[in-house]
1. So which helices of chain B fit the span-like rule, where a helix is a whole DSSP H run, its Cα atoms reach 20 Å or more along the axis, and its mean Kyte-Doolittle is at least -1.0?
2. Using Cβ counts within 10 Å as a stand-in for footprinting exposure, how do A:Leu120, B:Leu392, B:Leu344 rank, fewest first?
3. Please state the relative contact order of chain A as a whole percent: Cα pairs under 8 Å, 6+ residues apart?
4. Quick one: pull the percentage of alpha-carbon pairs in the range B:298-388 with a separation above 24 Å.
5. Got the relative contact order for the range B:257-440 handy, in percent, Cα pairs under 8 Å and 6 or more residues apart?
6. For a Förster distance of 22 Å, can you work out the FRET efficiency between the beta-carbons of A:Ser107 and A:His53, rounded to the nearest 0.05?
7. Binning at 10 Å from 0, report for chain A what percent of all alpha-carbon pair distances ends up in each bin.
8. Between B:Phe340 and A:Gln162, with labels modelled 7 Å along Cα→Cβ, what's the label distance in nm to one decimal, could you check?
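Values in this text are rule-based calculations from the coordinates and carry no lab data. Nothing here was measured: the structure is a model prediction, and the numbers come from that model. All Cβ positions, even for glycine, are placed from backbone atoms using ideal geometry, and neighbour counts span all protein chains on display.
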Number of protein chains: 2
Amino acid sequence: MTMDSPEVREAGALDADELRDAWAALDADERLEGFRLLPTSEGEQFLRTLDLHDEVALLTALSPPERQLWMRQLPPDDAADVVQQAPEDERDAWLRLLDEPTRREVSALLAYAEDDAGGLMSPRYVRLRPDMSVDEAIAYLRRAARERVETIYYIYVLDAEQRLLGVVSFRELFAAPPDKRVRDVMRTDVTTMPPDLDQEAVANLFAESNLMAIPVVDGLGRIQGIVTVDDVVDVVREEATEDIQKIGGTEALDAPYLDVSLREMVRKRAGWLAVLFVGELLTASAMNRFEDEIARAVVLAIFIPLIISSGGNSGSQASTLVIRAMAVGEIALRDWWRVFRRELAVGLALGSILGVIGLLRVVLWPFGREAYGDHILLVGVTVACSVLGIVLWGALCGAMLPFLLRRLRLDPASASAPFVATLVDVTGIVLYFSVASFFLAGALL
Amino acid sequence: MTMDSPEVREAGALDADELRDAWAALDADERLEGFRLLPTSEGEQFLRTLDLHDEVALLTALSPPERQLWMRQLPPDDAADVVQQAPEDERDAWLRLLDEPTRREVSALLAYAEDDAGGLMSPRYVRLRPDMSVDEAIAYLRRAARERVETIYYIYVLDAEQRLLGVVSFRELFAAPPDKRVRDVMRTDVTTMPPDLDQEAVANLFAESNLMAIPVVDGLGRIQGIVTVDDVVDVVREEATEDIQKIGGTEALDAPYLDVSLREMVRKRAGWLAVLFVGELLTASAMNRFEDEIARAVVLAIFIPLIISSGGNSGSQASTLVIRAMAVGEIALRDWWRVFRRELAVGLALGSILGVIGLLRVVLWPFGREAYGDHILLVGVTVACSVLGIVLWGALCGAMLPFLLRRLRLDPASASAPFVATLVDVTGIVLYFSVASFFLAGALL
């Protein structure tokens, strides 16, 4: 689709699906133009399908009256997300775009951190009193269905102090005898969550419970809002993206890859890369200590990349497995000892396999025997033992580092593959030359 | 909770939440015992909260009559998943546990690949004819609500050939005037998907459309079933877990970390680790070519780990960013040239930053001047240029490899951090010694 072709120039000549498909390839001006070409009825739905970053960029690009029109279409939790993205001093201006009741709802939501349950919830849920009959309740819901509530499919039963007494799905209510009381058909063992539950834990709760909506309840048992599963799909994707980017050794981008400016992209990547580079400079210091050994037996230098990268690879396996298992709630802090024992066993097995491959490679090497004669077997044993040690060490470091970070209340995903590799590289060099001194002293060294 | 304490030994003395919390720490026998202690009413809900791997293990451990009881509680899409997990020759035995109508539904579902839309869908959706009145439709739904349909909240309007004409949400129906026809309140621009759509694409469609359910429609426009958003949460988590594990250089575990047997864990990790090790052996061959240079200038060897790891780190950043952007549908194959240009610019900037740090480190090194005298500046320039080159090369390799894999119809996530690092290591060594020959010929070399 080209935006410039004259046949799509009149408003309403473009539909939301076409724009959606073309979106990624358009620049900011074309996106604005494309959005204005949508029929008004499709605008709101289209806005809701954008990710937050694109949504805010588009709203900002619109004229003030347009911006007010579209902001007023958004449900309060989405509007709160938009306002939260704005710089501190512009938030009031964004809030003023809303009508009075919505502004109050949005202001209340802004008190919660964006990535907690409180920041995900909608205040527009359906509430009933326990003593209504099923028939009265259904008649009431028929009116509620026309209003802008998030869902009518879960109904929350509250007492006069807004305390949550129970929940009934619309379907259960619908299937119940009309003259029963709501109190008699509601379930009282309700899965709830506190407003400050981290969104990763929110996602895990949804995955475990298979519910379509979960109420957010404060310390006094009062309901604050509900989180619906469709918002959780976005959370799960976002959290996984963040973890993957961190595991790759980048700061989280917080925006689609192609939308990040070059300057921002360099900034987000240079920080970690420079830290890792400075860390890796320690390998040069470590190597410097062994300069004499290298001068006497250049063959030792030849295997350094092989040995340190084996440690890095086994460490990166272990750290990513542990980071992911923590993120989805499979393992907790207290499991560190079980994980340690597993990685000890796995690391020994993996190290032995690679050690044997390494030994064979050195011993069967065509150039080896003429250059190093009888010492070639000793070099092979040195390589094999070093590989075994470093693979084991890598697995243990990689597996324990996420636990350490979580213990320090940092993000375990920061134990990225490059970070673990760098950590293991320096120790790998010291280990390798220590093993070499042991086996080769008096022979090559 | 301890399973052995006498006070929880009677059936029904344990509730689903308690068991859920203790689950990860229990062994197979304790899990079986715990499940049998649940009140019968909580068993089905509990089973549905388990991941597929644990669910199958538990069902297998039960006695045949118990297994039949619980299999018959499962909705057909869940039952199909369970049957699909069983070895080929045991599937019939599992199918025979079901009642006749469910068995037919499950057999139909088994024709689809487990990780396609067809494998995720439920055949139990609510269907209406277009000429029913809204009031008739609601009365009909009131009966359907008592049956085992997946959701009554989206209603699909079909013609006599099962072709999908439109969709109406329960809420819209409920809010519509009672004497209107279904035909007049339904929406006809329905988002649908084909049965063979990959589950990653299914997840992206849900994330973009914000729908709670999407119908699966065959080439003739006939509805085959519906996929609901709660199943998609699990898909998104599963797919992200697989990608993260592959990025870390492991085969996908397909089960929780602590549940994988040690033998299986070694097998899933040893494969890639051995491939990478053999690849990394090429570094030894590359180094061997430059043995004379190392013997003449040991200082060169000292910076090898620093230089190759810089390339690996920048490559791992680029590959993880591109892999994730592809997985969530931000970039497609046709974007390779835009990505190439971006990484060219970013790689040059990052390489320059690290190159300058490297240059300063060599030149300001306390031991440098005495050992290498006037040549130290040349060594510094060699290191700086090599770092610049290798960081750029790493970024380009890391970014292009996922495109190449996707083009070959392989999983882009296989362009793991360790894989890219290994690829870059070998070329890094050749690059470094080539740069060194250029600057140091006649000086140190």
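1. Taking the DSSP H segments of chain B (at least 20 Å long, mean hydropathy at least -1.0), we get B:229-247, B:262-289, B:304-327, B:336-363, B:376-407, B:417-440.
2. Numbers: A:Leu120 29, B:Leu392 22, B:Leu344 14.
With the sparsest Cβ surroundings first, the list reads B:Leu344, B:Leu392, A:Leu120.
3. Numbers: 615 pairs, mean separation 52.2, N = 445.
Averaging sequence separation for qualifying contacts and normalising by length gives 12 percent for chain A.
4. Values: 1488 of 4095 pairs.
Value for the range B:298-388: 36 percent of Cα pairs lie more than 24 Å apart.
5. Working: 229 pairs, mean separation 66.0, N = 184.
This gives 36 percent for the range B:257-440.
6. Values: r = 23 Å, r/R0 = 1.04.
The calculated FRET efficiency here is 0.45.
7. In order of increasing distance, the bins hold 4, 16, 20, 19, 15, 12, 8, 5, 2, 0 percent.
8. Between B:Phe340 and A:Gln162, the simple spin-label model gives 5.9 nm.
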